[in-house]
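K.L.:
Quick one: the structure is below, and I'll ask about it shortly.
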Amino acid sequence: FNKDNQNSSSESKKSDESAGKEQAPDKDKQIELTFLNSVAADFYRLLHLDENLEQKPVDVQVTSDGLRLTLFDRAKRPLFEGESAELTEWGRFVMQSIAWTIDRHQFRVTIDGHTKTGLELKKEDYGLWELSADRANAARRLLVYYAVDAKLIDRVTGYADTRPLDGQPPTADANQRITLSLTLT
């Protein structure tokens, strides 16, 4: 029995083990991305949407820690009734579909409300800040109504017109949106 062989054998095992450990996170990350892409595709199917539409009513992006869903309040498919926080039938359908996905996969959720610049609101003491926050909160209420555990919701924020989409003027209709960030727990 050679003591040197034992050392080189154990060193060999250590390097094999560390190589396996380095590969595991990459494999886990790939599995996670595959899972998130599958959830995104399922979401488009749930809503009966074509992923290749130019002006989507919903945009789903896979991020490093989950999914970002942007729900646009478009003229053809409005989420909200006029300049209110009251969801349309389409808006309720979208929120129900999102709720099912969140509940099924136990995502953590943040909800951000955004508006475009230049909206004329009817109440004098009710501005873009209130509208964006109320819309985000209306989305939160519906998610909870449709079975999302309230403990999964981390934050609800209204940004008014302070964060227009990249490449869009502040007055663009595309800035009328709710963004939900879903992160894996």
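K.L.:
Taking 1 over the mean of 1/r across every pair of different Cα atoms in the stretch 22-144, what Kirkwood radius in Å do you get?
P.N.:
One decimal place: 16.0 Å for the Kirkwood radius.
K.L.:
State the percentage of accessible surface on the stretch 23-143 attributable to carbon and sulfur atoms; use a 1.4 Å probe and exclude ligands, DNA and RNA.
P.N.:
The computed percentage sits at 47.
K.L.:
Another question about this same structure. Using a 7 Å offset from Cα along Cα-Cβ at Ser84, what residues in the stretch 110-133 end up with backbone N under 15 Å from the label point?
P.N.:
Zone members listed by number: 121-123, 131.
K.L.:
OK, next. Contour minus end-to-end for Phe93 and Ser38, with contour as 0.36 nm per residue of separation and end-to-end as the Cα-Cα distance?
P.N.:
Extra length from Phe93 to Ser38 when fully extended: 17.8 nm.
K.L.:
Going by amide H atoms built from the backbone, whose H comes under 5 Å of the H on Arg74, apart from near neighbours?
P.N.:
Leu79
K.L.:
Moving on to the next point. Would any residue of the stretch 141-161 have its amide N under 19 Å from a label point 7 Å out along Cα→Cβ of Asp28? List them or say none.
P.N.:
Within reach of a label on Asp28, which here means backbone N under 19 Å from a point 7 Å along Cα→Cβ, the stretch 141-161 contributes nothing.
K.L.:
Can you give me the relative contact order of the stretch 54-185 as a percent, contacts being Cα pairs under 8 Å and 6 or more apart?
P.N.:
Relative contact order, the stretch 54-185: 36 percent.
K.L.:
Continuing with this model, one more query. Please work out how much length the chain gains when fully extended from Tyr145 to Glu120, using 0.36 nm per residue of separation minus the C-alpha to C-alpha distance, in nm with one decimal.
P.N.:
Full extension of this stretch gives 6.0 nm more.
K.L.:
Using the Karplus curve 6.51 cos²θ - 1.76 cosθ + 1.60 with θ = phi - 60°, work out ³J(HN,Hα) for each residue of the stretch 177-185 in order, rounded to whole Hz, and write x for Gly and Pro.
P.N.:
Whole-Hz 3J(HN,Hα) from phi for the stretch 177-185: 7, 10, 10, 10, 9, 10, 10, 6, 8.
K.L.:
Rank-order 167-173, 119-125 by packing density, defined as the average count of other C-beta atoms within 10 Å over each peptide's residues, highest first.
P.N.:
167-173, 119-125
K.L.:
Once a ≥ b ≥ c are taken as the square roots of the eigenvalues of the Cα gyration tensor of the stretch 76-132, is the result rounded (a/c under 1.5), prolate (a/b larger than b/c) or oblate (a/b not larger than b/c)?
P.N.:
Verdict is prolate for the stretch 76-132.
The values are calculated or read from the model by the stated rules, or taken from the named source; none is laboratory data. Just so it is clear, the structure is predicted and the values come from calculations on it, not from any experiment. Backbone-built Cβ (ideal geometry, glycine too); neighbour counts: all protein chains shown. Side chains are part of the model used for accessible areas, which takes the heavy atoms of the whole protein and leaves out ligands, DNA and RNA. Shrake-Rupley method; radii C 1.70, N 1.55, O 1.52, S 1.80 Å.
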